[in-house]
Every structure is written in structure tokens, then in C-alpha cells.
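J.: I have a structure I would like to understand better, so I am pasting it below and will then ask my questions one at a time.
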Amino acid sequence: MSLADIRPDLLLADLHLPIPQTGVVPEASFLNEAFLRFCAGPARGARRVFLLGDIFESWVGDDLGLADYPREIAALAGLSRSGVEVRYQTGNRDFMLGDGFERATGAHRLPDEHIETLGGVATLLAHGDQFCTDDVGYQRWRRFSRYRLSQWIFLRLSAARRRRIAGGLREGKRNKPESIMDVNAAAIANAFKRHHVTCMIHGHTHRPAEHSLILQGVRHERIVLADWRPERIEWLRFTAEGWSREGFATSP
């Protein structure tokens, strides 16, 4: 067994890193600084790092995003150069991550639903928004926004207009009832059956927990990643022995 084989896999999602303010010292928020610390610290000892969507609070195109987050992009590029495999999925806030982001960071994009072996178990990875099927309006928007033509048109809008649209979408989500913001049980069961796995990891809901369900007499496990906030900076750590939740000390 090589040294790389015993290094852990780390998974995180929903950091929602805000765009650092220019002309202000320190430039970034507590969350941004925690991400830089993660990339320079725990992530350097990993075999693979999986970013499962909504790493950025807003990404309205590589042309703007790469300029908005220079330190974060540099941190990911340094991580890739160090030999750590960086893989990512897009979320509802950063689904416009594109080829420019991959070239700048060395990260590799995964499909919206991806099977990966973690701790010896075939596991379904997803951001998780596709499973919130009770929010019919959002699912309609999600399908529309992923069309290449829709994205081509969006990228040709002015920077100011793109940012206004993104801001409007964030406000719209805040006004929705909590009853439709969690995953749908049938959508989860269908995903398990469709991919023939017994373990799933996702984010999006900001409801970190572990769930078990029985499908056709077999126990299935669903792990929900924590969203980052000043009082909780957390990721999952997988080794051959199993998994654990780890993180940094919270802000004062």
C-alpha cells in the first residue's frame, strides 16, 4: 500500500464564500480565511478533496468569478500542484463555474450525480438541490438555467445585470417556506435505486445529519454535509476505517 492510499478523502459543501471586499483589511471574511486555512492545512494531507457545490456565494461567470476570488483560486491551484486531486460539483449558487475555473485551479468537474468509492463503499455524491422536488418553481428554474443556450445568453449580459439576477435569486430563496426546502423522500429513494448504491452524501439543505432508511430490506445511509458559518467550519474525512466529521475551532 502506497502513502497516497492511506491519505484521507475530504468532502465539503455550502461554504458560500462571500466576495472579499476590496480596499478593506483584512480583505476576506472569517469564512474566506477559514477556506484558505483549510487549503493550506488539512487539505494538503488528503488524497482527494471533493467540493460538492456552493463553494462560492455567487459565481456569475468565470470572467467575473476569477477576479472576485483571487486568493481562493490561488489556494485551490496550490492544492492541485501539491498533488492533491481536487474534484468539484456545482451548486445552485455556483453552477456557472466553467472551463476557466478548471484551468485556473486544476480542479476536475464531476457530473451532478457521481459514484465514488469512499471507505471501500460505492457512494453517490451530489450537491442535493435536485432532490428538493417539492420546490416545483426552483426545479423548473434549475432545468432552464442548465441549458447551454441559457448560459450562453446569460454570460453576454453586463456584469451589473448578472449580479442583480444572482442577488434576486438569493432573495427569492429566503422567502420560501421551510416545508419545501428539504429533500423529498421519494426523490432520495429513487436516486438510491437508480444508482444501485447504499450510501449517499450531499449538501444544499444546511441540515447536517445522518439518515438511515430501509429499501427492499436493505439499510441505506444518507449523510448531509454541514454548511459553513462562523460557528461551524466542518468537513467529512474518509479513510479505509470509516468517516468522521472534522473542522476548525469557531470564531470568537
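J.: So how much slack lies between H196 and F248, counting 0.36 nm per residue of separation and subtracting their Cα-Cα distance, in nm?
T.: Numbers: separation 52, 0.36 × 52 = 18.72 nm, distance 3.45 nm.
15.3 nm is the gain from fully extending H196 to F248.
J.: Pull out a ≥ b ≥ c, the square roots of the eigenvalues of the alpha-carbon gyration tensor of the chain, then state rounded if a/c is under 1.5, prolate if not and a/b is larger than b/c, and oblate in the remaining case. List each step's numbers first, then the result.
T.: Working: a/c = 1.59, a/b = 1.11, b/c = 1.43.
Here the chain falls in the oblate category.
J.: Another question, if that's okay. Would you kindly derive the ³J(HN,Hα) couplings of region 104-112 from the backbone phi angles with the Karplus curve 6.51 cos²θ - 1.76 cosθ + 1.60 (θ = phi - 60°), listing them in order in whole Hz, with x for Gly and Pro?
T.: 6, 10, x, 6, 10, 7, 9, x, 4
J.: Name the residues whose placed amide hydrogens come within less than 5 Å of the amide hydrogen of L17, ignoring near sequence neighbours (fewer than 5 apart) on the same chain.
T.: So L17 has HN proximity to F56, E57.
J.: Moving on. Rounded to the nearest 20 Debye, what is the dipole magnitude of region 86-163 about its Cα centre when Lys and Arg each give +1 and Asp and Glu each give -1 at the C-beta? Write out the running numbers ahead of the final one.
T.: On the way: 13 positive and 9 negative charges, 118 e Å.
Its charge dipole is roughly 560 debye.
J.: While we're on this one: Quick one: Cα centre-to-centre distance for region 144-166 and region 76-113, in angstrom?
T.: Centre-to-centre (Cα) distance: 20 Å.
J.: Same structure, new question: Along the positive direction of the dipole of region 3-248 (beta-carbon charges: Lys, Arg +1; Asp, Glu -1; about the Cα centre), which of P20, A46, L79 reaches farthest?
T.: Value: P20.
J.: I've got another one for you. Could you derive backbone 3J(HN,Hα) for region 153-158 from the dihedral phi with the Karplus parameters 6.51, -1.76 and 1.60 (θ = phi - 60°), listing whole Hz in sequence and x where the residue is Gly or Pro?
T.: 5, 4, 5, 9, 7, 5
J.: Of the listed peptides 178-184, 127-133, what is their order by residue-averaged count of other C-beta atoms within 10 Å, with the highest listed first? Walk me through the numbers on the way to the answer.
T.: On the way: 178-184: 14.1, 127-133: 23.1.
Going from most to least packed, we get 127-133, 178-184.
J.: OK, next. Of the peptides 159-168, 225-234, how do they stack up when ordered by the mean number of other Cβ atoms within 10 Å, highest first? Don't skip to the end; give the middle numbers.
T.: On the way: 159-168: 13.0, 225-234: 18.0.
Order by mean packing, descending: 225-234, 159-168.
J.: Would you kindly state how much longer the chain becomes between F154 and H211 on full extension, computed as 0.36 nm times their sequence separation minus their alpha carbon distance, in nm to one decimal?
T.: Working: separation 57, 0.36 × 57 = 20.52 nm, distance 3.77 nm.
Value of the extension gain: 16.7 nm.
J.: In debye to the nearest 20, how big a dipole does the chain give about its Cα centre with +1 on each Lys and Arg Cβ and -1 on each Asp and Glu Cβ?
T.: Working: 34 positive and 31 negative charges, 123 e Å.
For the chain, the charge dipole is close to 600 debye.
J.: Which order, highest average first, do 138-149, 41-52 follow once you tally other Cβ atoms within 10 Å for each residue and take the mean per peptide?
T.: Values: 138-149: 12.6, 41-52: 19.9.
Listed from highest to lowest mean packing, they are 41-52, 138-149.
J.: Provide the percentage of antiparallel DSSP beta bridges, counting only those with both residues in the chain; round to the nearest 5.
T.: Working: 24 of 44 bridges.
Once the DSSP bridges in the chain are tallied, antiparallel ones form about 55 percent.
J.: For E102 and L169 in one chain, what is 0.36 nm times their gap in residues minus the Cα-Cα distance, to one decimal in nm?
T.: Values: separation 67, 0.36 × 67 = 24.12 nm, distance 2.50 nm.
Stretched out fully, the E102 to L169 stretch lengthens by 21.6 nm.
J.: Same structure again: Bin all alpha-carbon pair distances of region 155-244 at 5 Å intervals from 0 and give each bin's fraction as a whole percent.
T.: Percent of Cα pairs in each bin: 2, 10, 16, 16, 16, 14, 11, 8, 4, 2, 0.
J.: For every helix of n ≥ 4 consecutive DSSP H residues, a contribution of -39,500 (n - 2.57) applies; sum these over the chain, divide by its total residues, and give [θ] at 222 nm rounded to the nearest 500 deg cm²/dmol. The partial results should precede the final answer.
T.: On the way: 9 runs with 85 residues, N = 252.
When only DSSP H runs of four or more count, the value is -9500 deg cm²/dmol.
None of the figures in this text is laboratory data; all of them are computed from the coordinates on show. All values reported here derive from a predicted model rather than from experimental measurement. We place every Cβ from the backbone using ideal geometry, glycine too, and count neighbours over all the protein chains shown.
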